[in-house]
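Each remark here refers to the structure printed beneath this line.
The values are calculated or read from the model by the stated rules, or taken from the named source; none is laboratory data. Since the model is a prediction, treat every value here as computed from it, not as a measurement. Here Cβ is always computed from backbone atoms with ideal geometry, including for glycine, and neighbour counts include all displayed protein chains. For the accessible areas, the whole protein counts, side chains as well, though only heavy atoms, and no ligand, DNA or RNA atoms are used. Shrake-Rupley method; radii C 1.70, N 1.55, O 1.52, S 1.80 Å.
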Amino acid sequence: MSQREQKAEPPLPLTPAMFHVLVALSDGEKHGYAILKEVAEQTRDEVRLSAGTLYGIIKRLLAEGMIVECDERPAPELDDSRRRYYRLTGWGRQVAGAEAERLTKLISMARVKRLLKNLRPA
């Protein structure tokens, strides 16, 4: 674990789009188009990121050490050589988890105030 991961507080709150990208990468590495598809699928098309928005987020997440570009690639016959694959770092997983906890607390407060009807799982 890097010094940053041990000492830094997660930079919260995240933008919703950043959080969606981190969640999409939480179960394994993906290339940009796969991230776009997963975000749309997981939100039932309520969130559709543009390619420009996605790559701006990827640039920021790379700079902040939350994701890295993967060195290993699928077999050439199964892949397009222009694709770049990304995965979460330990720091990225920590930040995503902290944001999920922050959002859970907000939902709990909204329930206490009776602002929410019964929620269905996503």
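Values for this structure:
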| quantity | calculated |
| --- | --- |
| Region 48-82, residues that are hydrophobic (A, V, I, L, M, F, W, C) and over 13 Å from the mean Cα position of the chain (by Cα) | Ala51, Ala63, Cys70, Ala75, Leu78 |
| Any hit, region 73-88, residues being among the polar types (S, T, N, Q), on the phi < 0 side of the Ramachandran plot and assigned to a helix (DSSP H, G or I) | no |
| Subset of region 63-72 (residues that are touching a residue at least 24 places away in the same chain (Cβ under 8 Å) and either in a helix (DSSP H, G or I) or among the acidic types (Asp, Glu) (or both)) | Glu64 |
| Which numbered condition Ala98 misses (of (1) open to solvent by less than 50 Å² (accessible area, probe 1.4 Å); (2) touching a strand residue (DSSP E or B) at 6+ places or on another chain (Cβ under 8 Å)) | (2) |
| Among residues of region 1-32, those that are in a helix (DSSP H, G or I), at pLDDT 95 or above and open to solvent by 30 Å² or more (accessible area, probe 1.4 Å), counted | 4 |
| Number of the condition not met by Asn118 [criteria: (1) more than 14 Å from the chain's Cα centre (by Cα); (2) under 24 Å from Leu12 (Cα atoms)] | (2) |
| Among (1) under 18 Å from Pro16 (Cβ atoms); (2) surrounded by 13 or more Cβ atoms within 10 Å (Cβ to Cβ); (3) at pLDDT below 95 - the single one Leu119 does not satisfy | (2) |
| Hits in region 67-95 (condition: among the β-branched types (Val, Ile, Thr) and open to solvent by less than 40 Å² (accessible area, probe 1.4 Å)) | Ile67, Thr89, Val95 |
| Enumeration of residues in region 38-52 that are surrounded by 15 or more Cβ atoms within 10 Å (Cβ to Cβ) and part of a helix (DSSP H, G or I) | Glu38, Val39, Ala40 |
